[in-house]
Each structure stands twice: as structure tokens, then as C-alpha cells.
Amino acid sequence: MNIEAIKSIYFFEMARTRRTLLQSVVSPVISTSLYFIVFGAAIGARIQEINGVSYGAFITPGLIMLTLLTQCIGNGSFGIYFPKFTGTIYEVLSSPVSMIEIVLGYVGAAATKGLMIGTIILLTASLFVDLSIAHPLAMIFFFVLTAVSFSLFGFIIGIWAKDFEQLNLIPMLVIPPLVFLGGSFYSIDMLPPFWQAVSHFNPVLYLISGFRWSFFEVSDVNPVVSAVIILVFLTVCLSVLAWIFRTGYRLRN
Amino acid sequence: MAPIVSVSNLSKTYASGFKALKGVSLDIEQGEILALLGPNGAGKTTLISIICGIVNPSGGTVLVNGHDVVRDFRETRSMIGLVPQELTTDAFETVWNTVTFSRGLHGKKPNPAHIEKVLKDLSLWDKKDNMLRELSGGMKRRVLIAKALSHEPRVLFLDEPTAGVDVSLRKSMWEVVERLRASGVTIILTTHYIEEAEEIADRIGVINGGEILLVEDKTALMSKLGRKQLRVDLSHPLDAVPDTLSAYNLTLEGDGHCLIYDYDTSADRTGITSLLAALAEAGVRLKDISTRQSSLEDIFVEIVGAGR
């Protein structure tokens with residue numbers, strides 16, 4: 001294992017986070033505060049509680065997931081796409097680094113950044129609402145695995161993308177509707193039966209539901225199902241990556 | 001001694017169907033400077049990219065110090081430094097960080113003293129804290145060389161290292177290359193400046209259309225292919241070459257004011273003495289004589305032209 005290389009890539013990526021500290025850290029704090037003001041105060045005044053949880057607290061796991069997913073996909077994809085775009089990828093490809101080490105470096109950094117921002121949002125949210133975490137280990141399980149698997153997903157997008165249009169396609173067009181319609185701001189019980197059924201095809205529903213369960217023990221779907229779904233997604237991402245590495249798809253061909 | 005790099009029957013066909021390499025075989029000796037010459041699109045960069053691990057080969061093998069570049073990539077890539085053709089740098093990184101990053105990527109423990117030496121050798125020390133985007137093109141080129149040297153490679157690939165680099169920087173770059181060679185580093189370079197290859201290389205390889213046309217010791221190549229020309233300026237123009245001189249295959253140029261004689265320096269007899277005697281005998285009066293040796297550039301044009 002080329003530990004020095006993993007460290008180099010990881011800290012190189014984290015250095016970019018440091019350079020862009022303002023937009024990396026301050027902007028999620030501001031947007032979370034805005035969500036709380038708009039959703040928590042305006043809508044929360046009308047919807048007092050969902051399943052016995054105050055509305056402000058109820059939306060917190062969804063807000064964290066919304067940011068975690070977009071941040072992890074964004075960081076994971078940008079981290080590998082940008083060297084491809086500028087051409088500096090030549091150096092990584094000509095180094096004695098295995099693909100696993102490349103992934104550990106890039107995806108590790110993307111997930112770390114996502115987790116940092118998720119934690120900041122959690123802390124910001126705790127200023128607005130009373131939060132208690134019923135199952136801390138389960139919470140860490142969902143938090144970390146979501147960060148890792150979506151960073152991997154972003155990494156795959158970064159390798160696949162041939163231009164900035166493709167790079168932004170999934171994070172901008174696919175993820176937000178999935179998150180918003182995945183029960184971030186409501187319980188799917190509140191939907192008509194048809195849309196409830198449709199919602200069950202949305203994988204993000206399971207992530208948010210499982211994550212919310214770890215806080216309040218209320219969920220739209222069985223948390224075990226949520227855990228299985230996230231593990232399946234992780235496995236799918238790892239399998240796609242294994243194929244990419246074997247074939248050199250869009251990297252070495 | 002076994003070659004440090006051994007390429008056998010290497011081929012590469014890109015997804016577009018373009019055949020960049022068609023069964024290239026090439027041995028690179030330890031400690032030599034090999035210049036690869038070839039027109040644009042000849043396959044030089046593809047060849048280098050495969051040896052360095054950036055591009056997967058379609059067929060054939062490459063061994064570096066006996067290790068296969070695909071199977072034993074850790075061993076081979078640890079030994080190789082690459083300076084790419086394009087000026088690809090991370091705009092927002094500092095010189096020091098980017099060079100340190102390169103060393104880490106190659107699995108080497110941090111060694112600030114070595115990085116400092118490399119930066120000083122390349123006159124980059126006073127720029128170490130500058131962001132790369134603040135540097136000129138020539139300096140970026142030196143940063144790329146510093147990155148390649150950061151992990152103390154035994155084989156260094158320089159892909160068009162002097163493209164867009166001014167004369168004084170080019171000279172200092174070649175001094176660095178000379179020092180590296182003296183320390184035992186094998187150097188493979190591609191260049192469009194053929195006079196550079198002529199000056200610095202031990203051996204010359206010519207590649208065109210994905211095939212190696214020749215690889216030869218530079219001086220042997222020059223003497224083998226290097227024709228000399230004797231130019232005789234005449235006092236009075238001639239209408240035609242006199243019949244008595246037909247054995248010399250002379251050509252008449254400059255409206256009959258000049259006779260050109262091609263000869264081979266490696267032949268036992270150049271025929272110059274007898275030609276001059278024959279000219280005197282034919283009553284041709286000479287105004288001036290000069291000789292000219294064909295340069296590597298002439299040779300290159302001749303080889304590539306013949307291959308077409």
C-alpha cells in the first residue's frame with residue numbers, strides 16, 4: 001500500500017477545502033439558517049408536529065442529507081474531473097498508485113468534507129431546535145455510509161463526465177428532486193396513496209428515513225430496509241468502480 | 001548490460017480506431033540520452049504515455065529494469081519521472097506544495113532538503129511560495145521538471161521540454177539534463193528542435209506513422225547518412241557538365257556558375273583530388289570551393305520522407 005500517496009492526494013484535496021473555506025463552510029451555515037427561517041418558522045408555525053416530533057427538528061435530518069448528498073457528489077466528482085480537465089491527471093496515472101489508493105485519497109477527502117459540513121449543519125440546527133439523537137451509532141452508520149457511497153458515486157460521475165455540463169447533470173438535475181421528494185420536509189404519510197407508492201421507488205427516501213429514525217425513532221420505512229438500501233448502493237458503486245479500474249474507462253484508454 | 005527500458009512489439013489502437021503505434025520495438029540503454037524525433041502525430045507521446053502508465057497498450061510489452069509496466073507498475077513507475085508536453089499545472093497551488101505532492105504520490109517520504117535542491121537547481125527557489133498561475137510559461141515548464149525530479153527517478157522522460165522556452169532557459173535546462181546524465185539518470189526526450197537532439201543525444205530514434213524507422217548512435221548515423229557536398233563556384237558559366245566529368249555525377253546549378261559534387265566521407269576515396277585534377281584538365285576555371293555536411297535535420301527529412 002502506497003500510504004504516502006494516499007496521504008498526498010487526501011491532503012491535497014483537503015487543502016482545496018481550506019482555500020475555499022468561505023464557500024465550503026459559511027455557505028451551508030447560511031443556507032441551513034435560511035431553511036430554518038423559511039421552513040421552520042413559516043411552515044413550522046402551521047405544522048406543529050409530525051409523528052410527535054417538532055417540525056423544525058423533523059426536517060433537520062433531511063436538511064443534513066440534502067447537503068451531504070450534493071456536497072459529496074460535488075466534491076467526489078470535481079476532485080477527479082478537475083485534474084482530467086486541466087490535464088494534471090497525468091501525474092496520478094503515472095505514479096506508483098493503485099486505483100484503490102486513488103479512490104481512498106479522493107473519495108476519502110470528499111467524504112470527509114461532506115461529513116464536516118454535515119456536522120456544521122447539525123450544530124447550526126441545534127441552535128434553532130432541540131435535537132436529541134436516540135441511536136448515535138445508527139446515526140453515525142447512516143451519516144458515514146451515505147457520505148462514502150455518494151462520494152464514490154460522485155467519483156464515478158467525475159470519471160464519466162466529458163464536460164462541465166455532464167459533470168453537473170446528476171448533482172443539479174437528479175439529486176435535488178430526489179431529496180425534496182424523498183421526505184426531507186414532510187412524512188410521506190402526508191401524501192396521497194399514489195404518490196406514497198411512487199416515493200418508495202426513490203432511493204433517497206430510505207436514506208432520509210433511516211437517518212431520521214436514528215434521531216427520533218420515527219421513520220417512513222423500516223430502518224433495517226434503509227440500512228440494506230445504503231449498503232446495496234455502496235456495493236453497486238464499488239462494482240462500477242471495479243469495472244472502471246479493470247478497463248481503464250475514460251482514464252487510461 | 002540489460003537495457004533499462006525494453007519495448008517489444010508495442011501497439012496501441014485508440015477507441016476511435018486510430019492506430020497510434022504499430023508494433024514498436026525499442027531498447028533504451030542505461031545512462032544514455034535518447035532523442036525521439038518524429039513529426040506531429042508520429043506516436044511519440046503515445047509511446048511515452050504507455051511506458052509511464054498513462055495509456056493502456058493494445059498489445060506488446062514494456063519492461064523497465066526487467067519489470068513489466070502493467071503487472072509491476074509500482075516498481076516501474078517509481079523509477080520513472082515524466083515531464084509532459086502540455087503545461088498542465090494546478091493554478092492555485094504553490095510551487096513548493098505541488099513539487100512536494102509529486103514526491104508523496106511516488107510513495108517517497110517527505111524530504112524537504114531534496115525538494116530544496118531540485119528547486120535551486122532549476123532556479124525556482126525564490127518562487128517556491130508563488131502560486132503556479134503567477135508563473136510564466138518557462139517557469140511552469142521548470143516546475144514540471146522539478147515535479148518529475150522530486151522522487152529521484154532513474155529514467156526521465158522529457159516530452160518536448162523546450163517547446164516555447166527561450167534560449168537562455170533552454171541552455172540552463174540542458175545543463176540540468178547533463179548533470180542528471182552524469183549522475184546516471186537515463187533520459188528520453190522528444191523534440192522538434194533537431195539541432196538540440198544533435199547536440200545532446202547519444203542515440204537518435206526516428207518514429208513516424210506509429211513505427212520506429214531507425215534507432216542509431218548519433219555519430220554513426222551522421223556519418224552513415226551524412227552526405228557531404230563539395231560546391232565549386234566557376235569563373236565562367238558552363239552550358240553543360242563536360243563529358244570528361246560524367247563519372248562524377250555532377251550537377252550544374254546557379255545558371256551554370258556552380259558545380260555540386262556529392263561524396264561520402266566514410267568511403268575510402270572521396271574522389272575530390274581526382275575531380276579537381278579533371279576540372280583543371282577540362283579547362284574549367286575555379287573561383288571558389290566550399291563543402292557542407294548535411295545536418296541531422298536533413299537526415300530526418302530524408303528518412304521521414306522516404307517512409308511516406
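The values are calculated or read from the model by the stated rules, or taken from the named source; none is laboratory data. Computed from a predicted structure; not experimentally measured. Cβ atoms come from the backbone with ideal geometry, glycine included; neighbour counts cover every protein chain shown.
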> Tell me, which residue of the stretch B:51-62 that is more than 7 Å from chain A (Cβ to nearest Cβ) and free of Cβ contacts under 8 Å to residues at least 60 places away in the same chain is surrounded by the fewest Cβ atoms within 10 Å (Cβ to Cβ)?
Replying inline: B:Gly59
> So is B:Ile212 crowded, with 17+ Cβ neighbours inside 10 Å, in contact with a Lys or Arg (Cβ under 8 Å, 6 or more places away or on another chain) and in a strand (DSSP E or B) or not?
Replying inline: no
> Residue check: is A:Ser239 assigned to a helix (DSSP H, G or I) and in contact with a His (Cβ under 6 Å, 6 or more places away or on another chain)?
Replying inline: no
>> For the stretch B:143-190, which positions are of a type in the set (Val, Ile, Thr) and either without any contact (Cβ under 8 Å) to a residue 24 or more places away in the chain or outside the structural domain of B:Val62 (by TED's automatic domain parsing) (or both)?
In response: B:Val167
> Which one of B:Ser274, B:Ser246, B:Ser223 is of a type in the set (Ser, Thr, Tyr), closer than 30 Å to B:Leu34 by Cβ and not in a loop (DSSP other than H, G, I, E, B)?
Replying inline: B:Ser223
> Which is within 14 Å of chain B (Cβ to nearest Cβ) and either within 22 Å of the chain's Cα centre (by Cα) or more than 20 Å from A:Ala147 (Cβ to Cβ) (or both), of A:Arg212, A:Arg250?
Replying inline: A:Arg250
>> Being at the interface with chain A (Cβ under 7 Å from one of its Cβ atoms), of a type in the set (A, V, I, L, M, F, W, C) and either out of contact with any Phe, Trp or Tyr (no Cβ under 6 Å at 6 or more places or on another chain) or part of a loop (DSSP other than H, G, I, E, B) (or both) is the filter here; which residues of the stretch B:81-92 pass it?
In response: B:Phe92
>> Filter the stretch A:81-95 down to the residues that are in contact with a Ser or Thr (Cβ under 9 Å, 6 or more places away or on another chain) and either part of a helix (DSSP H, G or I) or within 21 Å of A:Pro171 (Cα to Cα) (or both) and list them by number.
In response: A:Phe82, A:Pro83, A:Thr86, A:Ile89, A:Tyr90, A:Glu91, A:Leu93
> Just a yes or no: is a residue in the stretch B:169-181 in a strand (DSSP E or B) and among the hydrophobic types (A, V, I, L, M, F, W, C)?
Replying inline: no
>> Could you tell me how many of the residues in the stretch B:1-28 are crowded, with 16+ Cβ neighbours inside 10 Å and assigned to a loop (DSSP other than H, G, I, E, B)?
In response: 2
> Assuming A:Val221 fulfils every condition listed in (1) part of a loop (DSSP other than H, G, I, E, B); (2) crowded, with 22+ Cβ neighbours inside 10 Å apart from one, which condition is it?
Replying inline: (2)
>> Can you confirm whether B:Arg269 is in a loop (DSSP other than H, G, I, E, B), within 30 Å of B:Arg203 (Cβ to Cβ) and either under 38 Å from the mean Cα position of the chain (by Cα) or not assigned by TED's automatic domain parsing to the domain that holds B:Leu26 (or both)?
In response: yes
> Condition test on A:Phe78, is it surrounded by fewer than 22 Cβ atoms within 10 Å (Cβ to Cβ), within 14 Å of chain B (Cβ to nearest Cβ) and part of a helix (DSSP H, G or I)?
Replying inline: no
>> Please go through the stretch A:81-97 and give me each residue that is more than 7 Å from chain B (Cβ to nearest Cβ), over 14 Å from B:Thr89 (Cβ atoms) and either free of Cβ contacts under 8 Å to residues at least 24 places away in the same chain or in contact with a helix residue (DSSP H, G or I) (Cβ under 6 Å, 6 or more places away or on another chain) (or both), ordered by number.
In response: A:Tyr81
> Of B:Val241, B:Val284, which residue is in contact (Cβ under 8 Å) with a residue 24 or more places away in the chain, in a loop (DSSP other than H, G, I, E, B) and not assigned by TED's automatic domain parsing to the domain that holds B:Gly210?
Replying inline: B:Val284
> What helices (runs of 4 or more DSSP H), lying completely within the stretch A:96-207, carry at least 3 residues that are surrounded by 17 or more Cβ atoms within 10 Å (Cβ to Cβ) and among the polar types (S, T, N, Q)?
Replying inline: A:136-160
> Condition test on B:Gly138, is it among the small types (Gly, Ala, Ser) and either within 19 Å of B:Ile51 (Cβ to Cβ) or touching a residue at least 40 places away in the same chain (Cβ under 8 Å) (or both)?
Replying inline: no
>> Quick test of your reading of the structure: B:Arg71 fulfils all but one of (1) of a type outside the set (Phe, Trp, Tyr); (2) under 30 Å from B:Gly23 (Cα atoms); (3) in a helix (DSSP H, G or I); (4) free of Cβ contacts under 8 Å to residues at least 40 places away in the same chain. Name the failing condition by number.
In response: (3)
> B:Asp217: under 19 Å from the mean Cα position of the chain (by Cα) and either surrounded by 13 or more Cβ atoms within 10 Å (Cβ to Cβ) or at pLDDT below 85 (or both), yes or no?
Replying inline: yes
> Across the stretch B:93-103, what is the number of residues that are within 13 Å of chain A (Cβ to nearest Cβ), part of a helix (DSSP H, G or I) and either more than 14 Å from B:Ala146 (Cβ to Cβ) or not charged (D, E, K, R) (or both)?
Replying inline: 7
>> Tally up the residues in the stretch B:104-126 that are part of a helix (DSSP H, G or I) and more than 8 Å from chain A (Cβ to nearest Cβ), please.
In response: 12
